[in-house]
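Written out below as structure tokens is the structure these notes cover.
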Amino acid sequence: MSQNQYPHLFKKGTLGTKTLVNRFVSQAMEANDGEAGGSVSKRAIDRYKNLASGHWGVVVVEALSADPSSLARVNQMILNRENLDGFKTLVAEFKKIAPETILLFQVTHSGRKAVKSHSSATALYNPAEGEKLLSTQDVEDIKNAIVEAALLAEEAGADGVDFKMCHGYFGCEMLRPGNVRDDKWGGSFENRTRFLTESLGEIRSRLKNPDFILGSRISVYEGIEGGCGTGGPDEIIEDLSEMEKVIQLMEELNMDYVNISAGIPGTTSEITRPTPPSLYLYLHQFRYARWAKNIVSKMMVIGSAYSILKEGALELADENLQKGYADCAGWGRQSFADPLFPEKVKTGEAVNYCTACSGCSKLMVAQKNDGCILYNDYYKDLWKNRNK
Ligand SMILES: Cc1cc2nc3c(=O)[nH]c(=O)nc-3n(C[C@H](O)[C@H](O)[C@H](O)COP(=O)(O)O)c2cc1C
């Protein structure tokens, strides 16, 4: 195994105006290890330094909350002014090791996927019992928080932001046909995409760096009634016609990339991250990336869900890139199993392959710090002692 075997994965390219040194993307992976107030911990900085040593083409920093009152993880990092110095340090330390890697911050609001103990804004539409229906102004405030977080990412030195519009979080809920709000944030396609168009417009008008990368991760098909990738609020069968319009809109908005994902962790988890019994669901993710490639003309397409294929992912990723079915290949759990993955592939060193054991997810759901329980002693111990 070496660089020569995977010429397309190691082919240079451009993302926005920046050079992409290879096509390996380390996907956003929450590790639930912020300090009090959602500040950046030493553990988080060390994790990203490890990823820097892997010399990925792109590293996406995990879901960072734009709003302290909506956390999906109790120790989720919060991208606000109070925590800015920590994010500056994270970027500086990362860039010392890997100045060539594109470093993106994923910005999010957790919506009703926030933990109840750490959430004040839980519903966007159709509130369940006990859930608060966000007012028109509440949604406006969330949009403003996302805009501020994106600008803080620029101030921290990140190369760009990834708008989290996937996996059932707030941005994703917005897009759904099931978003039946009767104000300016729901109902029509225009209203359901207003959050994206307005945030982007405001960010662009205030950014200092014209080369700052703007992209988004979407769940092409969520697998729930009225979810993204269905034909209406009462439909569950896949119908991608509207998501095609979403991608076209992203391109009209001059976004630099779309990161293709699917499903909702915790609800239709296997679609998002296949495990051994659902191995072949990765084929849907490949299909969605190829479908997106047929829609875009200039925006880059990042494909997801390669970890389940272990070493075999390399050949399939290379083939997908060669055939023009994606521009980059994204690894989530594999980046936990071996942060040095691309570098090891390049040099032919043995890689620690993710077995899709789900240990990282289970630690995360238990609100512990999470990471690879197979190869990392810290998380191995957390796993052993998880019930204590
Ligand atoms: C522990 C854990 C944390 C995750 N955190 C995020 C996140 O912060 N943002 C995101 O978009 N996806 C997140 N995901 C999804 C992954 O980025 C990825 O899409 C998924 O694991 C499938 O890719 P893989 O098969 O390569 O792991 C997470 C997944 C896991 C297992």
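The values are calculated or read from the model by the stated rules, or taken from the named source; none is laboratory data. Only a predicted model underlies this, so the values are computations on that prediction, with no experimental measurement involved. When we count neighbours, we look across all protein chains shown, and the Cβ atoms used for this are built from the backbone with ideal geometry, even at glycine.
Worth a mention:
- Filter result for LYS95 (within 16 Å of the ligand (Cβ to nearest atom) and of a type in the set (Lys, Arg)): no
- Residue within the stretch 108-124 that is buried (at least 24 other Cβ atoms within 10 Å of the Cβ) and under 19 Å from ARG47 (Cβ atoms) present: yes
- Residue check for GLU244: at pLDDT 95 or above, in contact with a Cys (Cβ under 9 Å, 6 or more places away or on another chain), in the same structural domain as PHE163 (by TED's automatic domain parsing) and among the charged types (D, E, K, R): no
- Restricting attention to the stretch 334-355 and to residues that are of a type in the set (Ser, Thr, Tyr) and under 22 Å from LYS12 (Cα atoms), the residue that is surrounded by the most Cβ atoms within 10 Å (Cβ to Cβ) turns out to be SER335.
- Filtering the stretch 227-250 to residues that are among the β-branched types (Val, Ile, Thr) and under 8 Å from PRO177 (Cβ atoms) leaves only THR230.
- Looking across the stretch 125-146, just one residue is surrounded by 14 or more Cβ atoms within 10 Å (Cβ to Cβ) and of a type in the set (Ser, Thr, Tyr), and that is TYR125.
- Counted as qualifying within the stretch 185-282 are the helices (runs of 4 or more DSSP H) with 3 or more residues that are more than 14 Å from the ligand (Cβ to nearest atom), namely 189-192, 194-206, 241-252.
- Count - residues of the stretch 283-295 that are away from the ligand (no atom under 11 Å from the Cβ) and without any contact (Cβ under 8 Å) to a residue 60 or more places away in the chain: 8
- Residue match in the stretch 272-280 (condition: hydroxyl-bearing (Ser, Thr, Tyr) and buried (at least 22 other Cβ atoms within 10 Å of the Cβ)): yes
- Scanning the stretch 180-201 for residues that are in contact with a Pro (Cβ under 8 Å, 6 or more places away or on another chain), hydrophobic (A, V, I, L, M, F, W, C) and surrounded by fewer than 24 Cβ atoms within 10 Å (Cβ to Cβ) turns up at least one hit.
- Extreme residue, nearest to the ligand (Cβ to nearest atom), among residues of the stretch 146-168 that are in a helix (DSSP H, G or I) and more than 20 Å from SER69 (Cβ to Cβ): ALA156
- Taking the stretch 77-91 as the range and being in contact (Cβ under 8 Å) with a residue 60 or more places away in the chain and touching a Gly at 6+ places or on another chain (Cβ under 7 Å) as the test, the residues that pass are LYS88, VAL91.
- Filtered by the rule that a residue be surrounded by fewer than 20 Cβ atoms within 10 Å (Cβ to Cβ) and away from the ligand (no atom under 11 Å from the Cβ), the stretch 296-324 gives VAL296, SER297, LYS298, GLU311, GLY312, GLU315, LEU316, ASP318, GLU319, GLN322, LYS323, GLY324.
- Residue count for the stretch 53-70, restricted to those that are crowded, with 24+ Cβ neighbours inside 10 Å and more than 14 Å from the chain's Cα centre (by Cα): 5
- For first residues located in the stretch 54-76 and near the ligand (Cβ under 9 Å from one of its atoms), partners that are in a strand (DSSP E or B) and of a type in the set (Asp, Glu) and lie 6+ apart or on another chain with Cβ distances below 7 Å form the pairs VAL60/ASP162.
- When residues of the stretch 21-49 are limited to those that are surrounded by fewer than 23 Cβ atoms within 10 Å (Cβ to Cβ), of a type outside the set (Ser, Thr, Tyr) and away from the ligand (no atom under 16 Å from the Cβ), the one farthest from GLN76 (Cα to Cα): VAL21
Let's see how each residue does on (1) without any contact (Cβ under 8 Å) to a residue 40 or more places away in the chain; (2) under 30 Å from PHE94 (Cα atoms):
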{"site": "ALA156", "(1), (2)": "no, yes"}
{"site": "LYS164", "(1), (2)": "no, yes"}
{"site": "CYS172", "(1), (2)": "no, yes"}
{"site": "ARG181", "(1), (2)": "no, no"}
{"site": "SER188", "(1), (2)": "yes, no"}
{"site": "ILE203", "(1), (2)": "no, yes"}
{"site": "ASP211", "(1), (2)": "no, yes"}
{"site": "ILE218", "(1), (2)": "no, yes"}
{"site": "LYS245", "(1), (2)": "no, no"}
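- Filter result for PHE189 (within 18 Å of ASN259 (Cα to Cα) and at pLDDT 95 or above): no
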